[in-house]
Amino acid sequence: MSSELIDLEEQGWRALATSGAAAAQYYRQVLDDSPVMVLPGGLMFDDREVIIQSMSGQPWSAYELFGVRAFQPTADTGIVFYGATASRGDGPAYSAFMTSTYVRRAGGWRLALHQQTPR
């Protein structure tokens with residue numbers, strides 16, 4: 001199952017690098033009903049629609065994931081953690097450690113919590 005969770009995370013990055021519409025569509029499907037996002041700069045979102053809207057901005061023009069690992073502390077909980085570097089156009093690169101926690105629901109794995117720590 002760990003590879004399935006890693007694949008979900010990678011699908012999210014591909015959507016975020018494709019277009020704002022693709023990212024919004026992907027996260028509308030994968031987000032849990034009451035997700036939480038904890039982001040740099042003191043940002044914390046716990047409203048599903050606000051999170052989806054925040055994903056629909058300018059896409060990443062390049063990204064690299066490294067050290068991607070996953071584990072399942074329970075049969076219905078999975079955690080993916082890794083480092084990422086990404087950039088948009090000529091802007092500065094963004095580099096952070098990421099953690100995504102997924103829960104298994106009747107419809108499959110859903111993203112319940114995502115947290116980023118800048119590197």
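Some observations on this one:
- For the chain: relative contact order, % (alpha-carbon pairs under 8 angstrom, 6 or more apart): 26 percent
- Between 0 and 90°, nearest 10: helix 20-30 axis offset from the chain longest Cα axis: 10 degrees
- Applying D = kT/(6 pi eta Rh) to the chain, where Rh is the Kirkwood radius over alpha-carbon pairs, T corresponds to 10 °C and eta to 1.306 mPa s, the Stokes-Einstein value obtained is 110 µm²/s.
Rule-based calculations on the coordinates, nothing more; no lab input. Remember, it's a predicted structure, so these values are computed and weren't measured experimentally.
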